[in-house]
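Undergrad: My structure is below; once you've seen it, I'll send some questions.
None of the figures in this text is laboratory data; all of them are computed from the coordinates on show. Since this is a predicted model, take the numbers as computed values, not measurements. Glycine also receives a Cβ, built like all others from the backbone with ideal geometry; neighbour counts cover every protein chain displayed.
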Amino acid sequence: MESKGKTGGFWRRLGQAVGIHVSEEQDWNIELKPRFFVVVGGIFLAGILFTAGSVKYSTSPTFCNSCHIMEPYYKAWKASKHNKVACVECHYPPSKPQTLLWKKFQAVSQVVKYVTRTYSSKPFAEVEDAACLRSGCHSTRLLEGRTAAKSGVKFDHRPHLLDKRRGRQLRCVSCHGQVMIGEHIEVTYGTCFLCHFKGMGVGKNLKPLGGCTGCHDVPARPIQVGNMTYNHRDFVTKQGISCIDCHADVVRGEGQANQDRCFTCHNQPEKLAKYGDTPFLHENHVTKHNVACFHCHQEIRHGIMADESQKVPRLNEPAFEKTEAGAAPKALPPGHPALHVAQTPGLIFNCADCHDNKHFGQREMYTGQTKGLGLKDMPSPMFLAQVDCAGCHYKDAGGRDANFKGHNLKASEKGCVKCHGEKFKGIWEETKNELTTGIDKLEGNLAAARTALEKATVADPERKKLKEGLDRAEKLQGFVRAGRGEHNIYLASSALREEARLLADIGTKLGATLPDVSEEPLISGSYCAILCHARVGVKVPPDTVKVFGKTMPHGQHAGMMGCVKCHDISGHKKVPLKQNVRKTVCKECHPD
């Protein structure tokens, strides 16, 4: 009884402390003091404040980051332009109260999943258009009309969001869906490329949706390429040159949506069976659930491609690419035999069996790659200016057997005229004729030098050195012939000039008299003035020049000696004086 009395006394004292008075005579005689209502009110107020604080904190990005699986998304948001906008502002669009409550319940369920470790390691959240277009955010975006991004790309939000594009209803996150450091909900240009390039042709047959100038203005400012200045408007606007003539390799990839991408999110057979239903897939993923295009499609890259080793633009990729299984056709022309053979059961078709290093010589000549030739690299000025093969090779040879042999696109002098004007008409043919003449004469000298070596009586070490020189001369000649020197007349001339020097030196050592070819335009260096400048009105060489503090009769010297004895001709307008020319060439005639 004493213990019970002590316990009862404790609860009475506790009740009195919070404003509940219990009579000692009658246990159920309870009186509530004002203090009780103050305590209850304080507890209630504290509950409200705690609940409000919890709600406020739970809507903050910091709370989102408390879950470790959200760390990469938090970092992307933190480094982006949206880092002043809370996560819930985008992921909870404005809607009816009951909708917000339902979404809040879903958010709480995510917390429960995290605590119970039943969450997914790859969370997926949707951002609805209403969140982006709400008042105070981007509510006027649809009214802006045609705008230009920092990259210069022109764009109009209204038709992309309100109208179907290629039969697809897009959403904001169709284009603004990339999640990476510094680019959270920023433009995913890969989506633009998919829409504008997928299925729109390849190479010279590319017909981008909206055209090139639908997104890009023709550059107004001149650009410097090497030591030359180009203005796009002179070619595109005035002469109607297609962008593809020079930039045929600006699109890489086909944007395929392979079925293995489906397994990233789905494993239900009934859903995977829908793979071939393209309209359903786009309606369900893009329109209804705001899934970004790059989640399903392979990348299409767009832009000026540069060779990492040479820091110069690449040529078109070949029509066949090597794979682990051999060489697989990428883009076969209509009527190509591979279209039949590759589909014939029981046959293994390997393009590389027949097409190995096709056009290798032309590629090396045009790009100026001289590895193994002992010459310095000398890219063609047109190559440096991004002119692709299709700029000159666009004339379809056709023929009755085109359906069986395929289409061969030949070069035409119209390629020169359409870019450079009527003054260049005939230059291409004359250049080829000069190349043929020069090669033929040097080939005669090469044969005569080999004959002289066979008959000569020389020691074996010397014979070996002379034979190596003849082999190099033959290799240089083969390079110009196989590479079609007209692809890069500067490099072709340099190669033939080196061959002529080698043969003249060998002939002197063997005591053989070889025909003098030093007056040939491609060997003397006068080809620039003879083949081109005289036609287009450039007066070269000038009558006089100022050099070494004196006025020199330049035209007279050029007529007597040619150009290359004094000048190093390594490209268009690149004709510097050779080193020590004053001490070597000048002193031959002017010892003082």
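Undergrad: For a Förster distance of 22 Å, can you work out the FRET efficiency between the beta-carbons of residue 230 and residue 533, rounded to the nearest 0.05?
TA: Here the calculated transfer efficiency is 0.70.
Undergrad: Got a sec to turn the phi values of region 471-477 into Karplus ³J(HN,Hα) couplings, 6.51 cos²θ - 1.76 cosθ + 1.60 with θ = phi - 60°, whole Hz, x for Gly and Pro?
TA: Couplings: 5, 5, 4, 5, 5, 4, 5 Hz.
Undergrad: Calculate, for residue 139 and residue 183, the FRET efficiency according to 1/(1 + (r/R0)^6) with r their C-beta to C-beta distance and R0 22 Å; round to the nearest 0.05.
TA: 0.45
Undergrad: Any of 198/288; 207/288; 467/573 with alpha carbons more than 28 Å apart? Name them for me.
TA: Result: 207/288; 467/573 exceed 28 Å.
Undergrad: Of 212, 200, 140, which is farthest towards the positive pole of region 135-268's charge dipole, taken about the Cα centre with +1 and -1 on the beta-carbons of Lys, Arg and Asp, Glu respectively?
TA: 140
Undergrad: Which whole-number percent gives the relative contact order of region 152-277, counting Cα pairs below 8 Å spaced six or more residues apart?
TA: 16
Undergrad: Applying 1/(1 + (r/R0)^6) with R0 = 56 Å to the Cβ-Cβ distance of residue 281 and residue 115, what FRET efficiency is obtained, to the nearest 0.05?
TA: 0.95
Undergrad: Give me the one-decimal nm value for the distance between modelled label points at residue 13 and residue 299, 7 Å along each residue's Cα-to-Cβ direction.
TA: 7.5
Undergrad: Would you mind ranking 414, 550 by Cβ crowding within 10 Å, fewest neighbours first?
TA: With the sparsest Cβ surroundings first, the list reads 550, 414.
Undergrad: How charged is the neighbourhood of residue 18? Take every other residue with its Cβ under 14 Å from the Cβ of residue 18, and add Lys/Arg as +1 and Asp/Glu as -1.
TA: +3
Undergrad: May I pose another question? Any chance you could run the full-extension gain for residue 237 through residue 371? It's 0.36 nm times the residue separation minus the Cα-Cα distance, nm to one decimal.
TA: 44.3 nm
Undergrad: Could you put 394, 366 in order, starting from the residue whose Cβ has the fewest other Cβ atoms within 10 Å?
TA: Fewest-to-most Cβ neighbours within 10 Å comes out as 394, 366.
Undergrad: A further question on this structure: Let me make sure I get this right: for region 484-550, a, b and c are the square roots of the gyration tensor eigenvalues over alpha carbons, sorted descending. Under 1.5 in a/c it's rounded, otherwise prolate if a/b > b/c, else oblate. Which is it?
TA: Cα axes put region 484-550 in the oblate bin.
Undergrad: Report the extension gain between residue 274 and residue 83 in nm, rounded to one decimal, defined as 0.36 nm multiplied by the number of residues separating them, less their alpha carbon distance.
TA: Gain in length upon complete extension: 64.9 nm.
Undergrad: If I take every Cα pair under 8 Å that is 6 or more residues apart in region 515-592, average their sequence separation and divide by the length, what percent do I get for the relative contact order?
TA: 21
Undergrad: Once label points are set 7 Å from the Cα along Cα→Cβ at both residue 51 and residue 162, what is their separation, rounded to one decimal in nm?
TA: For the pair residue 51/residue 162, the computed spacing is 4.4 nm.
Undergrad: Scan around residue 241 for amide H atoms under 5 Å from its own, H built in the peptide plane at 1.01 Å from N, and keep only partners 5 or more places away or cross-chain.
TA: 236
Undergrad: Oh, and also: Residue 410 label point, 7 Å along Cα→Cβ, cut-off 20 Å on backbone N: hits in region 475-497?
TA: Label zone hits: 481-488.
Undergrad: For residue 547, list long-range residues whose amide hydrogen, built 1.01 Å from N in the peptide plane, is under 5 Å from its own amide hydrogen.
TA: 552
Undergrad: Modelled label-to-label distance, residue 150 and residue 221, 7 Å Cα→beta-carbon offset: nm?
TA: 1.6
Undergrad: Something else now. Order of 291-303, 479-491, 461-473 by packing, highest average Cβ count within 10 Å first?
TA: 479-491, 291-303, 461-473
Undergrad: Taking the radius of gyration and the Kirkwood hydrodynamic radius from Cα positions alone, what is the Rg/Rh ratio for region 541-592, to two decimal places?
TA: We get a ratio of 0.94 for region 541-592.
Undergrad: Continuing with the same structure: Which entries of 423/539; 395/418; 154/418 have Cα-Cα distances beyond 22 Å here?
TA: Check vs 22 Å cut-off fails for 154/418.
Undergrad: While we're on this one: Under 5 Å between amide hydrogens, which residues at least 5 positions from residue 165 or on another chain qualify, with H placed 1.01 Å from N in the peptide plane?
TA: Distant-sequence amide H within range of residue 165: 170.
Undergrad: Rounded, prolate or oblate: which fits region 142-192 when a ≥ b ≥ c are the square roots of the eigenvalues of the alpha-carbon gyration tensor, with rounded for a/c under 1.5 and prolate only if a/b beats b/c?
TA: Oblate, since a/c reaches 1.5 and b/c is not below a/b.
Undergrad: Report the paramagnetic label zone for residue 393: residues of region 230-245 whose backbone N is under 17 Å from a point 7 Å from Cα along the Cα-to-Cβ axis.
TA: Under cut-off, by backbone N: 244-245.
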